[in-house]
Amino acid sequence: MLNITTQDVMFTGIQPTGLLTLGNYCGTMCNWKTIQKKYQCFFCIADLHALTTRNHDNYIKNSFSTSILDMVALYLSCGVNPNDSTIFVQSHVYTHSQLYWILSNFIYFGELSRMTQFKKKFLVDKKNINLSLFCYPVLMAADILLYRTDGVSVGLDQKQHIELVQKIAHRFNSKYGNIFVIPHILKESKKYKIMALQEPTKKMSKSDKNFNNTIFLLDNLDLIRAKLLRSLTDSDPVYYIKYDIYNKPGISNLLSILSVLTNKNISILECEFKNYRYYDFKKQLSEIVCDTISKIQKLYFKFRKDEDYLIHILKFGAKTALDISKKNLYNVLQVLDL
Ligand code: TRP
């Protein structure tokens with residue numbers, strides 16, 4: 001029988017800002033059910049990370065607690081089982097902010113300023129950049145390292161941040177011994193980044209101003225069909241279904257979505273849809289997407305009704321997370337003579 005303490009640890013975090021998208025689902029969430037069987041899992045709702053952009057985002061201040069409960073219900077609908085895994089809110093567990101400060105002593109200004117996610121935000125709005133946005137990856141490092149995480153479930157866009165976390169852990173360990181486990185991106189993470197439907201050269205994002213770019217997991221099914229049928233394919237004069245992100249970014253994106261949802265390799269899908277017209281291909285795809293999403297939605301509405309249950313899960317999760325992370329934080333404080 002599997003002994004829980006010998007299981008590898010998986011950690012993931014998602015900000016409670018607005019609703020989750022098909023991109024989130026295909027990037028990480030669709031794997032959670034299987035990952036949960038192999039790993040001791042921590043699902044963190046990163047509300048402290050969400051504070052960094054709270055003033056800029058278009059969600060209202062008081063909706064934090066609502067978004068958090070929405071998110072727990074969605075986690076459950078995607079197959080996360082609170083009896084096997086720990087679901088908790090970052091700000092309920094104080095060890096995160098404490099380790100964050102300690103780790104900020106093990107990272108250089110230059111390293112943080114090379115983070116592309118920060119650079120992009122900085123370019124858009126130089127005046128309104130908080131220090132917290134700059135230090136964002138250090139808090140991620142604290143999240144991950146506190147639980148002796150082996151595998152992190154993140155989308156490809158977070159790769160640079162995870163490399164930085166590895167660097168911080170190595171640096172700390174080389175001075176103080178083997179305190180931290182060096183985390184890696186979970187190999188079960190999907191290899192495709194899902195792109196915006198109308199502009200398939202940029203990532204599908206929940207904060208996109210053009211709502212035709214994004215499919216939300218709680219969108220009405222007819223709307224989902226319409227968005228997919230309207231999605232940009234390509235202007236390649238050669239009209240066929242092939243994965244080629246440079247010449248056919250639109251079709252490639254749709255193939256990626258299909259590959260994740262059907263668990264079939266792209267090359268198999270290319271053969272299967274070889275003689276399809278784009279419109280028929282999109283129609284077939286939209287049925288598969290709607291089938292997946294409608295199952296999630298049914299469960300979601302069931303779980304979301306029972307707020308007491310959701311709150312109970314978070315309370316219990318915070319207690320477990322605190323117990324475990326406290327031990328690891330204690331080791332850190334000890335070696336630093338604090
Ligand atoms: N930065 C992540 C995102 O926006 C969210 C996150 C916060 C996270 N802490 C984490 C992801 C720790 C993985 C591990 O997607």
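Throughout, read-outs are computed from the coordinates displayed, never taken from laboratory work. What you see is a predicted model; the values in this text were computed from it and never measured. Reconstructed Cβ throughout: ideal geometry from the backbone, glycine too, with neighbour counts over all protein chains shown.
Would you work out which of MET115, ILE68, VAL138 lies farthest towards the positive end of the dipole of region 48-155, given +1 charges on the beta-carbon of Lys and Arg and -1 on that of Asp and Glu, about the Cα centre?
MET115
Per residue and in Å³, how big is the convex hull formed by the alpha-carbon atoms of region 211-299? Could you put the intermediate results ahead of the total?
Numbers: hull volume 7.9 nm³, N = 89.
So the per-residue hull volume is 89 Å³.
Taking every pair of alpha-carbon atoms in the chain, give the share separated by more than 28 Å as a whole percent. Could the numbers behind the result be given before it?
Numbers: 25500 of 56953 pairs.
Here the tail beyond 28 Å accounts for 45 percent of pairs.
Please report the spacing between the Cα centers of region 195-235 and region 130-144 in Å, no decimals.
Using only Cα atoms, the two centres lie 30 Å from each other.
Check GLY13: other-chain or 5+ apart residues with amide H under 5 Å from its amide H, H built from backbone geometry?
Counting only residues 5 or more places away or on other chains, the set is CYS44.
Give the order of ASP308, ASP8 when sorted by the count of other beta carbons within 10 angstrom, beginning with the fewest. Each step should come with its number before you reach the end.
Working: ASP308 7, ASP8 15.
In increasing order of surrounding Cβ atoms, one gets ASP308, ASP8.
Under 23 Å from the Cα of LYS326, which lysines turn up, not counting those fewer than eight places away in the same chain?
LYS167, LYS175, LYS315
Kindly work out what percent of the DSSP beta bridges joining two residues of the chain are antiparallel, to the nearest 5. Let's see the in-between values first.
Values: 3 of 17 bridges.
Of all bridge pairs located within the chain, approximately 20 percent are antiparallel.
Name the residues whose placed amide hydrogens come within less than 5 Å of the amide hydrogen of ASP244, ignoring near sequence neighbours (fewer than 5 apart) on the same chain.
Distant-sequence amide H within range of ASP244: SER252.
Dipole of the chain (Lys/Arg Cβ +1, Asp/Glu Cβ -1, origin at the Cα centre): which of MET29, TYR240, GLN166 lies farthest to the positive side?
The residue sitting farthest along the positive end of the dipole is TYR240.
I'd like the Kirkwood hydrodynamic radius of region 181-338, using the inverse of the mean 1/r over distinct C-alpha pairs, in Å. Mind dumping the intermediate values first?
Working: mean 1/r = 0.0532 Å⁻¹.
With all distinct Cα pairs of region 181-338 included, I get 18.8 Å.
About the Cα centre of the chain, what is the dipole size in debye to 20, counting +1 per Lys and Arg Cβ and -1 per Asp and Glu Cβ, all else neutral?
Numbers: 43 positive and 29 negative charges, 77 e Å.
It comes to approximately 360 debye.
Could you point to the residue in ASN253, THR214, ILE268 farthest towards the positive end of region 211-299's charge dipole, with +1 and -1 charges on the Cβ of Lys/Arg and Asp/Glu respectively?
Of the listed residues, the answer is THR214.
How much mean residue ellipticity at 222 nm does the chain get from its helices, if each DSSP H run of length 4 or more adds -39500 (n - 2.57) and you divide by all residues, to the nearest 500 deg cm²/dmol?
On the way: 14 runs with 175 residues, N = 338.
That calculation yields -16000 deg cm²/dmol at 222 nm.
Hey, what angle do you get for helix 249-262 against the long axis of the chain, alpha-carbon based, 0 to 90 degrees rounded to 10?
70
Grab the Cα-Cα distance for CYS271 and VAL124, subtract it from 0.36 nm times how many residues apart they are, and report the gain in nm with one decimal. It would help to have the intermediate numbers written out before the result.
Details: separation 147, 0.36 × 147 = 52.92 nm, distance 4.23 nm.
Value of the extension gain: 48.7 nm.
Give me, ordered by chain and number, the residues 5 or more places off LEU217 or on other chains with an amide H under 5 Å from its own placed amide H.
Residues meeting the amide H criterion: LEU20, THR21, LEU22.
Taking the Cα centre of region 81-139 as origin, sum charge times position over the Cβ atoms of Lys and Arg (+1) and Asp and Glu (-1), and report the length of that vector in debye to the nearest 20.
On the way: 6 positive and 3 negative charges, 87 e Å.
Using only the charged Cβ atoms, the result is roughly 420 debye.
How far is helix 159-176 tilted, in degrees, relative to the longest principal axis of the Cα atoms in the chain, given as a value from 0 to 90 rounded to the nearest 10?
Tilt of helix 159-176: around 20 degrees.
Nothing charged except the Cβ atoms of Lys and Arg (+1) and of Asp and Glu (-1): what's the magnitude of the dipole of region 211-299 about its Cα centre? Round to the nearest 20 debye. Please report the intermediate quantities before stating the final value.
Values: 12 positive and 10 negative charges, 27 e Å.
Here the size comes out at about 120 debye.
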